[in-house]
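A short write-up of the structure that comes next.
The values are calculated or read from the model by the stated rules, or taken from the named source; none is laboratory data. Quantities reported herein were computed from a predicted structural model and do not represent experimental measurements. FYI the Cβ positions are ideal-geometry reconstructions off the backbone, even for glycines, and counts take in every protein chain you see. Just so you know, the surface numbers come from the protein's heavy atoms only, side chains and all, with ligands and any DNA or RNA stripped out. Shrake-Rupley method; radii C 1.70, N 1.55, O 1.52, S 1.80 Å.
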Amino acid sequence: MKRLLLLALPLALAGCPKPADQAAAPAAPASAPAPETPAPSSVDAPALLPQYHWRLTDANDAQGSRIDALFARADKPVQLDFRDGRLGVSNTCNRMGGSYTLSDTSLTVGRLASTLMACTDSALMVLDQEVGKRLEGTLKLAATQDDAARLTLTTATGDTLVFTGDPTAETRYGGPGERVFLEVAAETRPCSHPLIPDKQCLQVREIQYDDKGLKIGTPGAFEHFYDSIEGYTHEPGIRNVLRVDRYTVKNPPADASSSAYVLDMVVESANEKK
């Protein structure tokens, strides 16, 4: 009997379960890979840039410090416009412009010419210099168009200028406009409008010029102008001749005009205040 018990003991021990602290741990579930943040999609810069007005929203030097001198006009940030191989710079003291060449990764700007208007604000005079020295020459370019159009220019010294795009009128209305000249009389007049009580209308007539810039023909009578002119604010007592672009509005609301007018420049002004 003793021999049988001794033989059975190893078998009994072999069949006993292991203690909990010696049991094999279950395999840990594989962690899911972190979602990748999609990189901004690059775009065809030569095609994109002329579609927007580019307004400066951020500027830092190579050390990461903000370049305050480039933000002398908080209400009117420096703006770049690219059209027909010409770069226009506005919202500085003087309007500036020059030729440019463009690839998907670089922008080369020729020497910038400017008007010669003197600004009483010294910060604006400095603004012209600060903008000019950073734009002339070859800059590294990155353009993206995701939630918003964005243009980043990096100078040879490491300054980074970031611009946000605002669609041009041509982009918004889906094609080029018709260039027309409108003479706006010094005073508005009451006009009837079904939705606007006591509406005052601009008094407008169209003017023709020849290829030398001389007026031709006889302008018609002033008429009520029920539309608005984007970018133009009328000052009572001032007669203006405006160069505007007229666009066709596709599918306008039933009570809206099928034309949109965008100011290009004021050609002539005369003070007729009494």
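Identify, from the list Ala169, Ala143, the residue that is in contact with a Phe, Trp or Tyr (Cβ under 9 Å, 6 or more places away or on another chain) and touching a residue at least 60 places away in the same chain (Cβ under 8 Å).
Result of the check over Ala169, Ala143: Ala169.
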- Counting residues that are farther than 16 Å from Thr164 by Cα, out of contact with any helix residue (DSSP H, G or I) (no Cβ under 9 Å at 6 or more places or on another chain) and touching a residue at least 12 places away in the same chain (Cβ under 8 Å), which strands (runs of 3 or more DSSP E) fully inside segment 43-114 reach at least 1? 86-90, 96-102, 106-109
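Suppose we filter Thr218, Thr248 for residues that are within 19 Å of Val180 (Cβ to Cβ) and touching a residue at least 24 places away in the same chain (Cβ under 8 Å); which single one remains? Reasoning before the result, please.
Numbers: Thr218 fails: touching a residue at least 24 places away in the same chain (Cβ under 8 Å).
Checking each option against the conditions leaves just Thr248.
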- Query: Which members of segment 251-269 meet the condition of being surrounded by 11 or more Cβ atoms within 10 Å (Cβ to Cβ), more than 10 Å from Asp227 (Cβ to Cβ) and touching a residue at least 12 places away in the same chain (Cβ under 8 Å)?
  - Reply: Val262, Leu263, Asp264, Val266, Val267, Glu268, Ser269
- Message: For segment 131-162, which positions are open to solvent by 20 Å² or more (accessible area, probe 1.4 Å) and closer than 17 Å to Gly97 by Cβ?
- Response: Lys133, Arg134, Glu136, Gly137
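Name the residues in segment 115-125 that are assigned to a helix (DSSP H, G or I) and open to solvent by 60 Å² or more (accessible area, probe 1.4 Å), would you?
From segment 115-125, those assigned to a helix (DSSP H, G or I) are 122-125; that's our starting set.
Selection gives Ser122, Met125.
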- Message: So, in segment 169-215, exactly how many residues are in contact with a strand residue (DSSP E or B) (Cβ under 6 Å, 6 or more places away or on another chain), of a type outside the set (Phe, Trp, Tyr), farther than 14 Å from Val241 by Cα and open to solvent by less than 80 Å² (accessible area, probe 1.4 Å)?
- Response: 6
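Just give me the residues in segment 216-227 being surrounded by 12 or more Cβ atoms within 10 Å (Cβ to Cβ) and at pLDDT below 95, in sequence order. Talk me through it step by step, then tell me what you get.
Looking only at segment 216-227, we keep the residues that are surrounded by 12 or more Cβ atoms within 10 Å (Cβ to Cβ), and these are 219, 222-227.
Correct list: Pro219, Tyr226, Asp227.
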